[in-house]
């Protein structure tokens, strides 16, 4: 799609001048602004298996360093509280947050003691859908998200997930078994794998309908330089030329059972719209190794080194860097434009209140491109909403933004000590011992 290629290239150029190639260390995160709502994000970077396509900060699991990490994560939470922050919501991602469920429970409990947390979201993997992992979370977690990626056994084997997380039938049975346990049960999927056929995609949709989950998120496959070699070796080269077609197919196939909550998240029809945290909150604080924060138009990056993270927190400070070159009014308007449209509606009056000008004036090229492309379903004095084509263009923009964030992750990861780099990119031999001795000191 020509409009997609033009748009993603424009987004790439604009964000390249925003993201820093070499994040600059700072003393810590700034304090909060009065009256502004914030989300708290906590990152748990341990996995039992490192997926070849994943660019997030993650390390092979070993129990002793993971317990040390969770303790320091809670200490960082206390540091954030001392700055005056409060949060109504906590999102825990990874990695695999449920890797040590007793530590996760303590972390959630502390967040509720320190802040006004009313809603907790956490991610997990299919092999953790068992009573000993889930029972401690029943009364602590409202939004539960399971990373499935595909219900095709061949694709699961390509992703090195089949042996560890089970077959498609086994995963489906586990998801069905926890129906009603959490307010929101989301299933994370990925579309546009190189070897994924249209038949594979349609079967994924049909299995999702049978899973009894009340939400699903279909992410387009997003590559970064750090995983490019392993991605090519395991799943092949990504073909962005068919991405729009696959997105249209899955959107149409989900219709009737699910409806759009965001551009790539679908909630079961009649079950209420369940927004993603990135739509609910513009500014967020990230804690944990490899976590990002977005505060007043600036992006901050926590160290990707477990050793440096632990040393900093045990010395009573954060190990954080500024991840952007600048923060202009135009940058903040572009971010709002993207995030609001990703949430399917841009409120023009709120935009003008916050930025002092209408979006048509502040973002004249961007708004007119969307108009010419036929991306707006409604264009009134109050709002923009999206056509199906507009939803896909927003998905493409988000994919490009996440790819640029992945490049920022690559830059932050480039400074890892060699022993920690070997855990991620070496042959993986002796990962448990190496994690204990190299990553955590």
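Annotation note: Cβ proximity below 8 Å between a residue of region 183-202 that is in the same structural domain as residue 241 (by TED's automatic domain parsing) and a residue that is modelled with pLDDT under 90 and outside any loop (DSSP other than H, G, I, E, B) (sequence gap 6+ or interchain) occurs for 192/240; 193/158; 195/158.
For the subset of region 183-204 comprising residues that are in contact with a helix residue (DSSP H, G or I) (Cβ under 8 Å, 6 or more places away or on another chain) and in a loop (DSSP other than H, G, I, E, B), which member is farthest from residue 123 (Cα to Cα)? Among residues in region 183-204 that are in contact with a helix residue (DSSP H, G or I) (Cβ under 8 Å, 6 or more places away or on another chain) and in a loop (DSSP other than H, G, I, E, B), the one farthest from residue 123 (Cα to Cα) is 195. Screening region 218-242 for residues that are in contact with a strand residue (DSSP E or B) (Cβ under 7 Å, 6 or more places away or on another chain) and at pLDDT below 95 and picking the one that is surrounded by the fewest Cβ atoms within 10 Å (Cβ to Cβ) gives 219. Restricting region 369-384 to residues that are surrounded by fewer than 19 Cβ atoms within 10 Å (Cβ to Cβ) and touching a strand residue (DSSP E or B) at 6+ places or on another chain (Cβ under 6 Å), the residue that is nearest to residue 353 (Cα to Cα) is 383. In this structure, residue 133 does satisfy being under 19 Å from residue 94 (Cα atoms), buried (at least 16 other Cβ atoms within 10 Å of the Cβ), in the same structural domain as residue 91 (by TED's automatic domain parsing) and touching a helix residue (DSSP H, G or I) at 6+ places or on another chain (Cβ under 7 Å). Screening residue 38 with (1) surrounded by fewer than 23 Cβ atoms within 10 Å (Cβ to Cβ); (2) at pLDDT below 95; (3) touching a strand residue (DSSP E or B) at 6+ places or on another chain (Cβ under 8 Å) gives one miss only, at (2). Residues that are out of contact with any strand residue (DSSP E or B) (no Cβ under 9 Å at 6 or more places or on another chain), under 18 Å from residue 302 (Cα atoms), crowded, with 16+ Cβ neighbours inside 10 Å and at pLDDT below 95 are absent from region 75-88.
For residue 65, are the conditions met, namely being assigned to a strand (DSSP E or B), in contact with a helix residue (DSSP H, G or I) (Cβ under 7 Å, 6 or more places away or on another chain) and at pLDDT 80 or above? For residue 65, the condition - assigned to a strand (DSSP E or B), in contact with a helix residue (DSSP H, G or I) (Cβ under 7 Å, 6 or more places away or on another chain) and at pLDDT 80 or above - is not met. Could you please let me know if residue 155 is surrounded by 20 or more Cβ atoms within 10 Å (Cβ to Cβ) and closer than 30 Å to residue 88 by Cβ? It is false that residue 155 is surrounded by 20 or more Cβ atoms within 10 Å (Cβ to Cβ) and closer than 30 Å to residue 88 by Cβ.
All told, residue 387 meets the bar of being surrounded by fewer than 17 Cβ atoms within 10 Å (Cβ to Cβ), over 22 Å from residue 296 (Cα atoms), in contact with a strand residue (DSSP E or B) (Cβ under 7 Å, 6 or more places away or on another chain) and without any contact (Cβ under 8 Å) to a residue 60 or more places away in the chain.
Contact map, region 304-331: first residue on the phi > 0 side of the Ramachandran plot, second residue assigned to a helix (DSSP H, G or I) and at pLDDT 95 or above, Cβ cut-off under 9 Å, separation 6 or more or different chains; pairs are 316/75; 316/79.
Regarding residue 432, is this residue at pLDDT below 80 and assigned to a helix (DSSP H, G or I)? Judged against the criteria, residue 432 is a match. Among the conditions (1) in a helix (DSSP H, G or I); (2) in contact with a helix residue (DSSP H, G or I) (Cβ under 6 Å, 6 or more places away or on another chain), the only one that residue 169 does not satisfy is (2).
Would a scan of region 398-418 turn up a residue that is touching a helix residue (DSSP H, G or I) at 6+ places or on another chain (Cβ under 8 Å), more than 23 Å from residue 190 (Cβ to Cβ), surrounded by 17 or more Cβ atoms within 10 Å (Cβ to Cβ) and free of Cβ contacts under 8 Å to residues at least 24 places away in the same chain? No - not one qualifying residue is present in region 398-418.
Could you check, for region 344-354, whether at least one of its residues is in contact (Cβ under 8 Å) with a residue 60 or more places away in the chain, in a helix (DSSP H, G or I), farther than 24 Å from residue 94 by Cβ and within 24 Å of the chain's Cα centre (by Cα)?
Within region 344-354, the first condition is being in contact (Cβ under 8 Å) with a residue 60 or more places away in the chain, and the residues that meet it are 344.
From what is left, the residues that are in a helix (DSSP H, G or I) are none.
Within region 344-354, none of the residues are in contact (Cβ under 8 Å) with a residue 60 or more places away in the chain, in a helix (DSSP H, G or I), farther than 24 Å from residue 94 by Cβ and within 24 Å of the chain's Cα centre (by Cα).
The values are calculated or read from the model by the stated rules, or taken from the named source; none is laboratory data. Note that this is a predicted model, so its numbers are computed, not measured. Reconstructed Cβ throughout: ideal geometry from the backbone, glycine too, with neighbour counts over all protein chains shown.
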